[in-house]
Amino acid sequence: MNFVEELRWRGMIHNMMPGTEEQLQKETTSAYVGIDPTADSLHIGHLVGVMMLRHFQRAGHRPVALIGGATGMIGDPSMKSAERNLLDEPTLRHNQHCIGKQLARFLDFESKTPNAAKLVNNYDWMKDYTFLNFIRDIGKMITVNYMMAKDSVKKRLSAESKTGLSFTEFSYQLLQGYDFLYLYEHEGCRLQMGGSDQWGNITTGADLIRRKTGGEVFALTCPLITKADGGKFGKTESGNVWLDRRYTSPYKFYQFWLNVSDEDAARYIRIFTALSREEIAALEEEQAVAPHLRPLQKRLSREVTVMTHSQADYDAAVEATAILFGNSTSETLKRLDEDTLLAVFEGVPQFEVSRDELTGGIRAIDLCTEKAAVFSSKGEMRKLMQSGGISLNREKLTEPDQLIDSNRLLNNKYLLLQRGRKNYFLLIAK
């Protein structure tokens with residue numbers, strides 16, 4: 001496939017150096033995207049660059065994922081209002097290992113073909129490069145005037161910036177430029193890709209290569225992704241949406257994509273999936289006819305969750321979602337792992353009950369009034385029970401004197417009580 005045309009219809013091109021498309025049509029090309037290893041997991045903001053590499057490999061080209069171990073020790077001033085905390089080498093190595101495992105779900109590193117993906121870390125070629133050698137070999141190639149003209153530098157030196165710009169951060173574009181030079185010389189990289197905020201750093205690298213070697217390289221950036229309402233993409237009330245289940249459960253990950261607006265779903269399904277133009281057009285037609293069924297959001301959440309986690313995680317997330325809408329059985333509830341159970345019922349009222357008392361059994365009416373204040377009175381509970389409005393672990397409670405014991409605990413710890421259609425309570429045995 002034509003890589004540039006693929007990105008173009010997907011709305012993933014912001015800027016591109018002249019000759020880029022011709023180079024990619026002429027021969028198999030190596031390109032890289034840099035990833036800042038400030039955490040031991042990628043978040044969905046990184047997915048744009050990862051998807052660019054994924055499409056690049058699908059088009060028959062060779063993707064290189066660069067972990068910025070060295071530049072991560074400094075911090076890119078682009079789009080930042082303050083300097084970042086610096087990381088030590090053990091932390092960076094740990095982060096690289098974790099990120100590499102995540103990238104393997106999107107890119108084929110194991111292929112025996114010439115376009116197998118490769119993972120590199122710029123710390124490996126920067127750690128023994130002395131400061132004197134660097135400023136002699138690289139620093140003399142780029143003028144201060146040139147570096148000062150970059151938007152990322154001007155913004156931090158402007159009157160609005162209260163922090164200024166340290167020499168450490170000022171040197172960032174030179175280090176990133178050297179990455180491009182190194183990968184050009186050692187990996188044959190002719191193209192660097194990234195977000196639109198990276199254009200200044202990327203072009204510095206291209207100029208460095210031209211001045212140092214006379215070689216011609218290329219650049220391509222994608223737009224920064226935002227939400228239709230102007231909010232920051234990938235941010236929720238609880239923070240970033242991470243790819244690692246330790247920080248964002250597969251259920252919450254799935255819910256993020258499922259709950260995007262119609263306008264965002266139409267954009268995101270192009271950017272974050274490999275679905276064809278025809279498949280997406282068909283889904284958009286379905287959405288236009290029956291928007292309440294939300295086919296775009298459902299397919300988007302399925303594609304991204306399976307790609308990031310697994311089919312089993314996607315299936316579990318769908319089952320967990322059905323629980324909230326009353327379309328599930330007690331068996332479905334029992335299959336939920338603890339993290340998913342807590343994610344589904346995050347924010348519902350919780351009560352602690354004695355595990356010792358549950359071992360011997362507690363009458364349902366005592367459990368829900370005396371041990372946990374789900375009902376204000378036993379009379380209120382009896383009245384609702386007569387109309388079939390109370391369930392425990394998705395099974396109807398019909399007898400107020402029914403004994404509830406520890407055998408009913410979900411994950412050996414929880415009881416889920418439902419009062420009416422929408423009111424849930426989580427009882428925790430301690």
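For ASP108, list long-range residues whose amide hydrogen, built 1.01 Å from N in the peptide plane, is under 5 Å from its own amide hydrogen.
Those qualifying (amide H under 5 Å, at least 5 residues apart or on another chain) are ALA117.
Express in nm, to one decimal, how much length is gained between THR28 and ARG105 on full extension, taking 0.36 nm for each residue of separation and deducting their alpha carbon distance. Kindly include the intermediate steps, with their values, before the conclusion.
Working: separation 77, 0.36 × 77 = 27.72 nm, distance 2.26 nm.
Length gained between THR28 and ARG105: 25.5 nm.
Which of the chymotrypsin sites (Phe, Trp or Tyr not before Pro) found in segment 238-342 are loop residues per DSSP with 12 or fewer other Cβ atoms within 10 Å of their Cβ? Please list the in-between numbers first.
Details: sites: TRP242, TYR247, TYR251, PHE253, TYR254, PHE256, TRP257, TYR268, PHE272, TYR314, PHE325; in loops: TYR247, PHE272, PHE325.
Those satisfying the criteria are PHE325.
Need the list of lysines near LYS112 for cross-linking: C-alpha distance under 23 angstrom, and skip anything on the same chain fewer than eight residues off.
Output for LYS112: LYS26, LYS101.
Over the Cα atoms, compute the radius of gyration (one decimal) and Dmax (the largest Cα-Cα distance, rounded to a whole number) for segment 114-166, in Å.
16.4, 50
Could you go through segment 102-109 in sequence order and give the Karplus-derived ³J(HN,Hα) for each residue, using 6.51 cos²θ - 1.76 cosθ + 1.60 with θ = phi - 60°, rounded to whole Hz, and x for Gly and Pro?
With the stated coefficients, segment 102-109 comes to 5, 4, 5, 7, 10, 10, 8, 8 Hz.
How much of the accessible area of segment 182-271, probe 1.4 Å, is carbon plus sulfur, in whole percent? Can you show the working numbers first?
Values: 1710 of 3780 Å².
Roughly 45 percent of what the probe reaches on segment 182-271 is carbon or sulfur.
Quick one: which residues, 5+ away or cross-chain, put their amide H under 5 Å from the amide H of VAL217? H built at 1.01 Å from N.
Hits under the 5 Å cutoff: none.
Straight distance only, please: which aspartates and glutamates reach the Cα of LYS155 with their own Cα at less than 19 Å, same-chain residues fewer than 8 apart left out?
The qualifying aspartates and glutamates are ASP76, GLU83, GLU169, ASP197.
What is the log10 of I(q)/I(0) for segment 247-322, computed with the Debye formula using one identical point scatterer on each Cα and no solvent, at q = 0.15, 0.19, 0.27 Å⁻¹?
These q points yield log10 I(q)/I(0) values of -0.47, -0.74, -1.28.
With label points built 7 Å along Cα→Cβ from the Cα atoms of VAL348 and ASN133, find their separation and express it in nm.
With each label placed 7 Å out from Cα toward Cβ, I get 6.2 nm.
Given a cut-off of 24 Å, name the pairs among LYS334/LYS378; LYS252/LYS298; LYS383/LYS422 whose C-alpha atoms lie farther apart than that in the structure shown. It would help to have the intermediate numbers written out before the result.
Numbers: LYS334/LYS378 28 Å; LYS252/LYS298 14 Å; LYS383/LYS422 17 Å.
Exceeds cut-off: LYS334/LYS378.
Only bridges whose two residues both fall in the chain count here: according to DSSP, what percent of them are antiparallel, nearest 5? Present the calculation step by step, with values, prior to reporting the outcome.
On the way: 20 of 43 bridges.
Antiparallel bridges make up about 45 percent of those DSSP assigns within the chain.
Sort 8-16, 92-100 by packing, meaning the average of other beta carbons within 10 Å per residue, with the highest value first.
Numbers: 8-16: 16.7, 92-100: 18.6.
Ranking, from highest mean packing down: 92-100, 8-16.
Hey, any idea what % of segment 378-430's accessible area is carbon plus sulfur with a 1.4 Å probe? Show your work: numbers first, answer last.
On the way: 1250 of 2870 Å².
Carbon and sulfur: 43 percent of the exposed surface of segment 378-430.
As an exercise, use a Förster radius of 35 Å and the Cβ-Cβ distance of HIS94 and GLN402 to find the FRET efficiency, rounded to the nearest 0.05. Intermediate values should be presented prior to the final figure.
On the way: r = 51 Å, r/R0 = 1.46.
FRET efficiency, HIS94 to GLN402: 0.10.
At each listed q (0.23, 0.27, 0.28 Å⁻¹), what is the log10 of I(q)/I(0) that the Debye formula gives for segment 232-286 modelled as equal alpha-carbon point scatterers?
Each listed q maps to, in turn, -0.95, -1.12, -1.16.
Starting from the Kirkwood Rh over alpha-carbon pairs, what translational D in µm² s⁻¹ does the chain have by Stokes-Einstein at 20 °C and 1.002 mPa s? Please report the intermediate quantities before stating the final value.
Values: Rh = 24.8 Å.
This corresponds to a translational diffusion coefficient of 86 µm²/s.
Spelling out what I want: for every residue of segment 41-51, take phi, set θ = phi - 60°, compute 6.51 cos²θ - 1.76 cosθ + 1.60 (Karplus), and round to whole Hz; glycine and proline get x.
Working through the residues one at a time gives 8, 6, 10, 5, x, 6, 5, 4, x, 5, 5 Hz.
Helix 295-308 sits at what angle to the longest principal axis of the chain, using alpha carbons and giving 0 to 90 degrees rounded to 10?
70
Pull up all non-local amide H partners of PHE351: gap of 5 or more, or a different chain, and H-to-H distance under 5 Å with H placed in the peptide plane.
For PHE351, the qualifying residues are LEU426, LEU427, ILE428.
Using only Cα atoms, find the angle between the long axis of helix 311-324 and the longest principal axis of the chain, and express it within 0 to 90 degrees, rounded to the nearest 10.
Roughly 40 degrees between the two axes.
Apply the Karplus curve 6.51 cos²θ - 1.76 cosθ + 1.60, θ = phi - 60°, to the phi angles in segment 127-134 and return the couplings in whole Hz, x for Gly and Pro.
Rounded to whole hertz, the list is 4, 9, 8, 6, 4, 4, 5, 5.
Excluding ligands, DNA and RNA, what is the solvent-accessible area per residue of the chain at a probe of 1.4 Å, expressed in Å²?
On a per-residue basis, 47 Å².
Nearest 20 debye, what's the magnitude of the dipole of the chain about its Cα centre given +1 on Lys and Arg Cβ and -1 on Asp and Glu Cβ?
On the way: 54 positive and 55 negative charges, 78 e Å.
It comes to approximately 380 debye.
Please list, or write none, the lysines whose alpha carbon is within less than 17 Å of the alpha carbon of LYS127, excluding same-chain residues fewer than 8 places away.
The qualifying lysines are none; the list is empty.
Treating the beta-carbon of each Lys and Arg as +1 and of each Asp and Glu as -1, no other charges, what is the dipole magnitude of segment 203-285 about its Cα centre, to the nearest 20 debye? Mind showing how you got there, number by number?
Details: 12 positive and 12 negative charges, 129 e Å.
Computed charge dipole of segment 203-285: roughly 620 debye.
Give me the number: length gained by fully extending GLU285 to ARG355, i.e. 0.36 nm times residue separation minus the C-alpha to C-alpha distance, one decimal in nm. List each step's numbers first, then the result.
On the way: separation 70, 0.36 × 70 = 25.20 nm, distance 5.36 nm.
Contour length minus the Cα-Cα distance gives 19.8 nm.
Grab the DSSP H runs of the chain that are 4 residues or longer, score each as -39,500 (n - 2.57), total them, divide by all residues and round the 222 nm result to the nearest 500 deg cm²/dmol. Don't skip to the end; give the middle numbers.
Working: 20 runs with 186 residues, N = 430.
Calculated from helices alone, the mean residue ellipticity at 222 nm is -12500 deg cm²/dmol.
The values are calculated or read from the model by the stated rules, or taken from the named source; none is laboratory data. Quick caveat, the model's predicted, so the values are computed rather than measured. Cβ sites come from the backbone with ideal geometry, for glycine too, and all protein chains shown count toward neighbours. SASA here: full protein model, heavy atoms, side chains in, ligands and nucleic acids out. Shrake-Rupley method; radii C 1.70, N 1.55, O 1.52, S 1.80 Å.
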